[in-house]
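Reviewing the structure listed below.
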């Protein structure tokens, strides 16, 4: 066999070996990406959370008087079903409580009892991942929904309740902490009217359409 042929074969083998060694790190880098691409996207979200609720006035009385609930602790949980990477159907239940107060101009509020509220709602969440534009894996989102608020009010041993329709809107963000887990911060406004007639059986008194804003933080778990 001619020496030139042998030299060419050896050179070709060396070049092929060098190319394979050079490509190995690239293949190693692509392998996790390929595995991530093959992994199914999360379908469910569960987010337990806690925070603080700022209640609006239940009733507006004469000369600036009002009946309302003082701000108080809020806790709840939200379930989500991912329809697309950026659209999620959500259901939520939460509870908040505080002192029942009568507001008097110049004198402030006077506690006369206890008040609590259960919020039940369902809606849609629209997300917008920032992706490579952000150093942190942050995903801002908007929530819109509707449901009901049940108020439970107690004054001097007497208790009553009223349930009314409530729309809601919220803005927040998820900050990725690891695979399938994120820190969620959310501000959500529940817009509803306290049904005075249902609570007291007194007609002619109109409840006030109020904004009840909850500020919360929790852990979103995806699976």
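Just a few scattered comments:
- Number of residues in the stretch 162-185 that are surrounded by 17 or more Cβ atoms within 10 Å (Cβ to Cβ) and out of contact with any strand residue (DSSP E or B) (no Cβ under 6 Å at 6 or more places or on another chain) equals 0.
- Just one of the listed residues (147, 154) is at pLDDT 95 or above and either surrounded by 15 or more Cβ atoms within 10 Å (Cβ to Cβ) or in contact with a strand residue (DSSP E or B) (Cβ under 7 Å, 6 or more places away or on another chain) (or both), namely 147.
- Of 105, 85, all but one fail to be surrounded by fewer than 16 Cβ atoms within 10 Å (Cβ to Cβ) and in contact with a helix residue (DSSP H, G or I) (Cβ under 7 Å, 6 or more places away or on another chain); the exception is 105.
The values are calculated or read from the model by the stated rules, or taken from the named source; none is laboratory data. Here the structure is a predicted model, which means the values were calculated and not measured. We place every Cβ from the backbone using ideal geometry, glycine too, and count neighbours over all the protein chains shown.
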